[in-house]
Protein chains: 2
Amino acid sequence: MVRDEIPTPALLLDLEAFEANVTTMAGFVAARGKGFRPHGKTHKCPEIARRLVAAGAVGSCTARLSEAEVFAAHGIPGLLVTTAVVGPHKAARAAALSATAPDTIFVADDADAVRALDAAASRQDTPMLVAVDLYFGRTGVPPGEPARDLARVIASCRHLRFAGLQSYDAAASHTHGYAARRARTTGTMAQAVATRQLIEADGLACPMVSAGSTGSYRFDAEIDGITELQPGSFIFMDVDYAKIGGADGRDAYTDFRTALSVVTTVISALGDDAIVDGGFKAFATDRAFGPEPIGEPGLTYTWAGDEHGRLDLRQAARRLKVGDRVAFRVPHCDPTVNLYDELHVLRGDLVEDVWPIAARGKSQ
Amino acid sequence: MVRDEIPTPALLLDLEAFEANVTTMAGFVAARGKGFRPHGKTHKCPEIARRLVAAGAVGSCTARLSEAEVFAAHGIPGLLVTTAVVGPHKAARAAALSATAPDTIFVADDADAVRALDAAASRQDTPMLVAVDLYFGRTGVPPGEPARDLARVIASCRHLRFAGLQSYDAAASHTHGYAARRARTTGTMAQAVATRQLIEADGLACPMVSAGSTGSYRFDAEIDGITELQPGSFIFMDVDYAKIGGADGRDAYTDFRTALSVVTTVISALGDDAIVDGGFKAFATDRAFGPEPIGEPGLTYTWAGDEHGRLDLRQAARRLKVGDRVAFRVPHCDPTVNLYDELHVLRGDLVEDVWPIAARGKSQ
């Protein structure tokens, strides 16, 4: 199959750009002696997780238990479930996962949830991190003494082993501008490192501090006390991350190449508009901006419903007609990937493979 | 399984409300002598399509060819693919579908696409509608002579049979206020009916005019010349449709009950916020408003990323803690359903069944 035969709308991966992105990130992290556990919530694709491990990753993060179950079933090692497991039924599933994939690491920010997981676990030594909240106010306990106190709770549990800290600052990742981003992540990560020191001064080993993102990896990888990085979007890139500002002071963030796109077909053309077969079901809509046409100067996309997008042809370099194809950079990669069952993998215009997004929809 | 054992985030169907909605719509349409072909793009669920047929539907609309393929494989009769089939590969698939499900109706707004489908078809008598554009400017040809001319093209094709018109006015469906909505849909549908008359005056039978939506069904069902209705959202309802204004002049549209919800779990609680495990991957984000908590006075939801939502507890009637469950009305039902693989079907608090959303992600 070649590019123009793929039924649209479809999710495409440019394999050359993907491989370059993986090489760039894996090399950068390895050169600084940090562990590399990229985030699987971005791709939900066991084949990508496998390739990242082949490139040096110690394993894969997953946002959710159900994602980790899929990855474990595909033989991906070193899983880290970055969202707390809550409730008796999920605690039982986490225990079952831990029994089959004993290096799976869990995360907590609530003492009762820790005790519930301990009660459900059947084996000793299940590793667990304390999630530290770094200014973002979403999940995690405050750094310092609250984190130390929760570490003590974990260490006191019969089936759990305190393994360290998770210190993700989602707002740092998207802070606009290189210098501002460095300042923000350096400040927040210093609190994580200080918390690690506080816990170790308390007599508890704190071997791991997992941090980092596609936006902050350059800075986080330079910080003593951060032990591993969990970036996700760098493999694909999207319109959102491309705007955060680069090392050269310009608006464009060019550390990684755009490897992900969605291709659509013009299904109606009347007057100055062309209508493509990609709308709210083809692209995630959580950002303030829409998809960006690739290689189509003067063309702009606006949403036109669940199934449709509208292209304004008035400034377009070519006059689109019914049957023409238009590809787009996606506004936000993670929730866009979550709309598709498979990734069409291209080298040039040749479809080299189709990779199942096996954990798509696994949000539980 | 009972309600509180369902792993979250999960999509729930209140069976009693769903059945009431189906009875209301099917009865209203039947009493006015119209056909009833509800839109499957809303639910993508063969079991729901089957129940609608049992309630009197002549079949099911689908937005896309790939949805129709799934419904046909599940034995759903009377399919109408409401988006034009474009390109040689999809034309071949449409021909294959038509060979196995010969009552499947296609739609077109472009003469070249019509001829491509004719060339691909292997059997005579494939029914095809002309999509008429009624002010919305998305897909469809203008009413009147352009629609008549395309009808002639279809009628001249060896393998196709001109079956009538599709006249969907998406903007009429969501026009706010009962009187304004009636005025808009009555005006646009009059053009569809006039186009039907023009075509028949030209000597071509135009047996079918498919129109209508959850917002406009009351008015469209009263119009002579409209032969069948294709509403979708009435089975579920959402925050969006609940705002369009009712027959009593109030803002709330109460013709149908809320049957669809998403249930989440509080996974973190600190200070005045509770964080639930439902974000951009649990709810469609294409509307300007977010999910609405059900039965939780004073609680408001704001987006907190791909995996999280934030609840402000300051005005809340109960103090939520980690492990508590909160259910929500969804902002927009169709693209939310498209995020889930299955629907947990509840009668009261008992999970009576789990229905696969077999056409989820079938946007091709």
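Just so it is clear, none of the values below were taken in a lab; they were calculated from the coordinates. As the structure is a computational prediction, the values presented were derived from the model and not from experiment. Note: ideal-geometry Cβ built from the backbone for every residue, glycine included; neighbour counts use all protein chains shown.
What to note about this one:
- The stretch A:15-236: relative contact order as a whole-number percent, Cα under 8 Å and 6+ apart: 19 percent
- Top of A:G177, A:G323, A:G232 by mean-square fluctuation, Gaussian network on chain A, Cα under 10 Å: A:G323
- Charge sum, other residues only, whose C-beta stays under 12 Å from B:P77's C-beta, Lys/Arg counted +1 and Asp/Glu -1: +1
- Local charge for B:A284 was computed over the other residues whose Cβ lies under 12 Å away, with Lys and Arg +1 and Asp and Glu -1, and equals -3.
- Looking at the protein assembly as shown alone, DSSP beta bridges between its own residues are antiparallel in about 55 percent of cases.
- A simple count of charges around A:D272, restricted to other residues whose Cβ falls under 11 Å of its Cβ and scoring Lys, Arg +1 and Asp, Glu -1, yields +1.
- The residue among A:L97, A:T126, A:V351 whose Cα reaches farthest toward the positive pole of the charge dipole of chain A, with charges on the beta-carbon of Lys, Arg, Asp and Glu, is A:T126.
- Spin-label pair A:R32-A:T302: with each label point 7 Å from Cα along the Cα-Cβ axis, the two points sit 4.3 nm from one another.
- As a proxy for reagent exposure, ranking A:C157, A:C61, A:C45 by other Cβ atoms within 10 Å from fewest up yields A:C157, A:C45, A:C61.
- Look at the Cα gyration tensor of the stretch B:213-265: its axes a ≥ b ≥ c give a/c of at least 1.5 with a/b at or below b/c, and that counts as oblate.
- Seen against the Cα atoms of chain B and their longest principal axis, helix B:178-201 is set at about 20 degrees.
- The stretch A:99-166 and the stretch A:13-46 have their alpha-carbon centroids 26 Å apart.
- Taken one residue at a time, the phi angles of the stretch A:279-295 give Karplus couplings (6.51, -1.76, 1.60, θ = phi - 60°) of x, 5, 8, 10, 9, 5, 10, 7, 9, 7, 10, x, x, 10, x, 9, x Hz. Gly and Pro are set to x.
- Label zone at B:H74, where the point sits 7 Å out along the Cα-to-Cβ direction: the stretch B:252-272 residues whose backbone N lies under 16 Å: none
- Cross-linked pairs A:K90/A:K243; A:K243/A:K362; B:K41/B:K243; A:K90/B:K243: Cα-Cα separations exceed 32 Å for A:K90/A:K243; A:K90/B:K243.
- Using the Cβ-Cβ distance between A:D312 and B:F136 with R0 = 22 Å, the FRET efficiency computed as 1/(1 + (r/R0)^6) comes to roughly 0.85.
- Between the Cα long axis of helix B:111-120 and the first principal axis of chain B there is an angle of about 90°, rounded to the nearest 10.
- Note on the stretch A:53-87 and the stretch B:265-292: Cα centroid distance 23 Å, given to the nearest whole angstrom.
- Tilt relative to chain A, helix A:15-31 - C-alpha long axis, 0 to 90 degrees, to 10: 30 degrees
- Tail beyond 40 Å, pair distance distribution of chain A (Cα, percent): 18 percent
- Most fluctuating residue given options B:I48, B:I235, B:I226, as computed from a GNM of chain B linking Cα atoms under 10 Å: B:I48
- Fluctuation leader among B:G59, B:G187, B:G164 - chain B, Gaussian network, Cα springs under 10 angstrom: B:G187
- Long-range HN-HN contacts of B:D353 with modeled amide H, under 5 Å: B:V345
- Helical runs assigned H by DSSP (4 residues or longer) give chain B a calculated mean residue ellipticity at 222 nm of -9000 deg cm²/dmol, each run adding -39500 (n - 2.57) before division by the residue total.
- Shape call, the stretch A:172-316: gyration tensor on alpha carbons, a/c limit 1.5: prolate
- Extension gain (nm, one decimal) between B:E19 and B:D349, 0.36 nm per residue minus Cα-Cα: 117.2 nm
- Charge dipole (Cα centre; +1 on Lys/Arg Cβ, -1 on Asp/Glu Cβ; no other charges) of the stretch B:15-234 amounts to roughly 240 debye.
- The mean count of C-beta atoms from other chains within 10 Å of the C-beta of residues in A:267-280, rounded to a whole number, is 5.
- Gyration tensor (alpha-carbon) shape descriptor, the protein assembly as shown, a/c threshold 1.5: prolate
- Of all DSSP-defined beta bridges confined to chain A, some 55% are antiparallel rather than parallel.
- Shielding of peptide A:79-85 by partners, expressed as the average count of other chain Cβ atoms within 10 Å per residue Cβ, is 2.
- Inter-label distance for B:A288 and B:L204, nm, one decimal - labels placed 7 Å from Cα along Cα-to-Cβ: 4.1 nm
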